[in-house]
Amino acid sequence: MVVVGAGMAGVQTAVALREQGFTGTVTLIGAEPHQPYDRPPLSKAILLGKAEGSAFDVDFEALGIDLHLGREVTGVRPGDHELDTEAGPVPYDVLVLATGAEPITLPGAEGVPGVHLLRTLDDAERLRPVLARQHDIVVVGAGWIGAEFATAAREAGCAVTVVEAADRPLAGALPDEVAAPMAAWYADSGAVLRTHARVRRVEPGAVVLDDGSRIPADAVVVGIGARPATRWLTGSGIELGAHGEVVADDHLRTSAPDVYAVGDCASFPSGRYGERLMVHHWDNALQGPRTVAANIIGEAPALYDPVPYFWSEQFGRFVQYAGHHTSADATVWRGDPAGPAWSVCWLREGRLVALLAVGRPRDLAQGRRLIEAGTVLDPELLADPARPLKAATA
Ligand SMILES: Cc1cc2nc3c(=O)[nH]c(=O)nc-3n(C[C@H](O)[C@H](O)[C@H](O)COP(=O)(O)OP(=O)(O)OC[C@H]3O[C@@H](n4cnc5c(N)ncnc54)[C@H](O)[C@@H]3O)c2cc1C
């Protein structure tokens with residue numbers, strides 16, 4: 001059993017194989033030199049120096065997982081059941097692809113001094129002293145990473161301007177009316193959010209926008225999304241989708257025999273939502289591996305059909321989301337979005353399909369279960385924020 005990529009999904013796959021009773025050889029190969037670690041703290045505690053590291057608490061040796069770090073896999077030949085790595089070929093019986101995603105770079109700003117990305121521990125360690133200097137920072141992109149980085153930079157005392165090409169934060173992730181209240185969070189924290197702001201170029205000490213304005217920047221942090229890290233699969237014959245992701249089926253099998261894919265690098269068909277999903281969130285890298293391990297061991301083949309879940313910590317708020325809202329036919333608000341705590345529920349034919357909770361973790365916990373159960377809810381009862389979500393059944 002060989003797993004490529006020693007991030008959350010790869011590590012969890014190796015661990016799940018052992019937990020589910022697999023006794024053969026498990027080899028885990030990762031390109032990064034560090035002991036495998038968790039990414040969410042990188043934009044939170046680690047950035048601010050509140051935590052030194054986020055290595056997974058896994059005893060690889062005790063579990064009999066053969067860990068190869070600092071070793072990049074450069075290709076796979078499914079016909080030969082063999083991988084190519086910097087240190088020579090590696091044969092496999094079953095292969096799991098878990099190479100995650102890599103940040104999209106800002107065209108023209110690659111390699112410019114003072115321009116940063118935030119994906120790896122090395123990135124976070126490079127950014128720590130930048131925050132400590134309390135200079136002017138420009139963040140490109142008001143997505144999840146941009147918002148979390150801006151939060152940390154404000155906490156560290158930096159002057160922060162966030163430039164966003166769209167008309168609101170999180171434009172790719174949430175509908176207009178839900179994302180709109182979040183724009184105020186930037187100003188409340190003392191950060192400047194500039195929407196409709198497209199970067200023309202990055203110069204030493206400044207970011208120049210399309211409208212010609214220059215924003216002083218001792219450092220620039222680019223958070224404009226991530227793409228699956230699958231370039232190494234080009235020419236392998238393994239099917240890749242429109243976003244470069246590995247196209248997996250509902251058992252997380254790829255188009256090649258004995259090859260599975262899991263985590264940020266893959267998409268899967270969601271039976272629950274009737275469309276193919278590519279989920280770049282932590283919980284998917286935790287749940288998917290359990291399905292992969294079950295399907296590899298083969299005693300009870302398992303379908304992968306999760307209710308996606310993620311959280312974000314930004315501007316002093318705990319934001320959580322469960323489900324997938326694109327097919328919803330009704331939206332119900334619980335509470336005032338100008339206040340500190342509120343939720344949004346999305347319904348389809350009366351059933352809860354997705355929920356966003358800001359500072360209302362109980363809504364999230366109950367909502368997640370209601371989504372899973374497909375319970376029909378009464379929109380009027382649901383709109384009362386004082387009523388527990390689970391008491392809003394029709
Ligand atoms: C800064 C940050 C903060 C986040 N915060 C949150 C959060 O608050 N909530 C949330 O839900 N999600 C969060 N996420 C998302 C979450 O961390 C990811 O969804 C999760 O890490 C995905 O795990 P993965 O194993 O699929 O991919 P990755 O974590 O990307 O791991 C893939 C690993 O594979 C390695 N690799 C790639 N190519 C090769 C190759 N050819 N050969 C060998 N190894 C290779 C990579 O070096 C990497 O170590 C955050 C992500 C980041 C970057």
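Using a 1.4 Å probe over the heavy atoms of the protein chains, calculate the carbon and sulfur portion of the accessible area of the stretch 316-391 as a whole percent.
Values: 1780 of 3400 Å².
Reported share for carbon and sulfur atoms: 52 percent.
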- Calculate, for the stretch 105-222, the solvent-accessible area per residue in square angstrom, rolling a 1.4 angstrom probe over the heavy atoms of the protein chains. 42 Å²
- Query: Rounded, prolate or oblate: which fits the stretch 316-391 when a ≥ b ≥ c are the square roots of the eigenvalues of the alpha-carbon gyration tensor, with rounded for a/c under 1.5 and prolate only if a/b beats b/c?
  - Reply: prolate
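Using only DSSP helix segments of four residues or longer, with each worth -39500 (n - 2.57), what per-residue ellipticity at 222 nm results for the chain after dividing by its residue count and rounding to 500?
Details: 9 runs with 84 residues, N = 394.
Taking each H run of at least 4 residues, the total per residue is -6000 deg cm²/dmol.
Counting only protein heavy atoms and using a 1.4 Å probe, what share of the accessible area of the stretch 108-248 belongs to carbon plus sulfur, as a whole percent?
Working: 2970 of 5980 Å².
Accessible surface attributable to carbon and sulfur in the stretch 108-248 totals 50 percent.
Using a 1.4 angstrom probe on the protein heavy atoms only, could you order T74, T195 from most to least accessible area?
Working: T74 75, T195 50 Å².
Order by accessible area, largest first: T74, T195.
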- Taking a 1.4 Å probe, which of T393, T161 shows the most accessible area, and what order do the others take after it? T393, T161
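Determine the order of E110, E32, E349 by accessible area, beginning with the largest, at a probe radius of 1.4 Å. Walk me through the numbers before you get to the answer.
Details: E110 105, E32 55, E349 145 Å².
The residues order as E349, E110, E32, largest area first.
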- Principal axis dimensions, largest first and in whole angstrom, of the stretch 16-111 by Cα: 43, 37, 21
- What full-extension length gain, to one decimal in nm, is calculated for A330 and H243 as 0.36 nm per residue of separation minus the Cα-Cα distance? 28.4 nm
- Among rounded, prolate and oblate, which fits the chain when a ≥ b ≥ c are the square roots of the eigenvalues of its C-alpha gyration tensor, a/c under 1.5 means rounded, and a/b larger than b/c means prolate? oblate
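The values are calculated or read from the model by the stated rules, or taken from the named source; none is laboratory data. Source: prediction; values computed, not measured. SASA here: full protein model, heavy atoms, side chains in, ligands and nucleic acids out. Shrake-Rupley method; radii C 1.70, N 1.55, O 1.52, S 1.80 Å.
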